[in-house]
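The values are calculated or read from the model by the stated rules, or taken from the named source; none is laboratory data. Note that the structure is predicted; figures quoted are calculated from it, not measured. With ideal geometry, Cβ positions are generated from the backbone for all residues, glycine too; neighbour counts draw on all protein chains shown. Please note that ligands, DNA and RNA were not included when accessible areas were found on the heavy atoms of the full protein model with its side chains. Shrake-Rupley method; radii C 1.70, N 1.55, O 1.52, S 1.80 Å.
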Amino acid sequence: MSADRNSSPVWPKDVISSPPVMPRKSANHLICFLACPFNPREKYDDLLNFIQGVCDFVGAEIGASVECKRSDKISTPGIIHSDIWSYLAQADALIFDVTGENGNVLLELGMATSCRSPHNIIIIKDDDDLTANKYLFDIQPARHAHYSKNSFSGMSTFSAQLHEALLFALASAPFKPSKPFGQISAFEFSKQTGFDQNLMLSPPECHRNLLDDGLEFGSLWSFRSSWITIGDNDYQDIEVEAILRFSKIRSGLDPSQTWIGIAVRSLHFFVNFGYLIYVKGDGEIYYTYLDAEG
């Protein structure tokens, strides 16, 4: 007898190859999926509520609603397997409780490691469980946190560890299934090569002038009109090489108060910050980055 996969696929590959859209209440609705045993029921209901409390705290910090979902709390029609694979493929953060090395949890963890970054995966375990190995061999890149219901200090430590892990896991939220990142081919703008307006986006009032040896760009009067960005695609592992120079500095300005540079901006909860390299008009070069204190 063959399984009917037309309505509710039970095989992970059938779902993650073309997952349905993750249901979200709003653009700021982030989802943390918890895979854990169900018994004893009271213990794991308490764990779900505890993790939801940490999610609420993290959500308040990043200005989003973070909901912790467990497979038995997913209320959609059809076979539950399809929903589980969909959440594992698309949830913004994944938490796996490997206490007791539950077979279903380990299967779901294995599936997640095949299609998700270790930064999105958090491994937790009950320190009072004596039946399982301390660490699972093949998942060391993922973040780990330990809890103990018999120790207040243990749960406090677990809360802090989970809080930090969730911040990193949600850094790129809302999560979109990975697509191949194309390389940005080397490009050149000049009177000979022309200007590709689909590649370089900027305000319509921005000054642009194609010269024989490049693109004159920017504004002598308004910084707000002086930015330019490379397309509207997302990239990773970026390496930038550019030749920049001042063609003119407005008369009367202190050169140290003028600058030109390149910023790399991440699509995460620090979206208002970026990594910036710039040179001032007097030749000083600066590199800015987000430190531990923001």
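Summarising the label geometry, the points placed 7 Å from Cα in the beta-carbon direction at Ser247 and Ala160 lie 5.5 nm from one another.
Calculated on the Cα set of region 68-130, radius of gyration then Dmax: 12.1, 38 Å.
Ligands, DNA and RNA aside, Arg208 has an accessible area near 100 Å² when probed at 1.4 Å. Label sites at Trp227 and Lys43, each approximated as a point 7 angstrom past Cα along Cα to Cβ, lie 5.1 nm apart.
Using R0 = 25 Å, the C-beta based FRET efficiency linking Ser65 and Asn104 works out to 0.35. Each Lys or Arg adds one and each Asp or Glu subtracts one; over the other residues with Cβ under 9 Å from the Cβ of Cys36, this totals 0.
The residues neighbouring Phe187, those whose beta-carbon lies less than 13 Å from its own, together hold a net charge of -3 under the Lys/Arg +1, Asp/Glu -1 convention. For the listed residue pairs Lys13/Lys69; Lys73/Lys149; Lys43/Lys73; Lys73/Lys125; Lys25/Lys69; Lys69/Lys149, the alpha carbons are over 18 angstrom apart in Lys13/Lys69; Lys73/Lys149; Lys73/Lys125; Lys69/Lys149.
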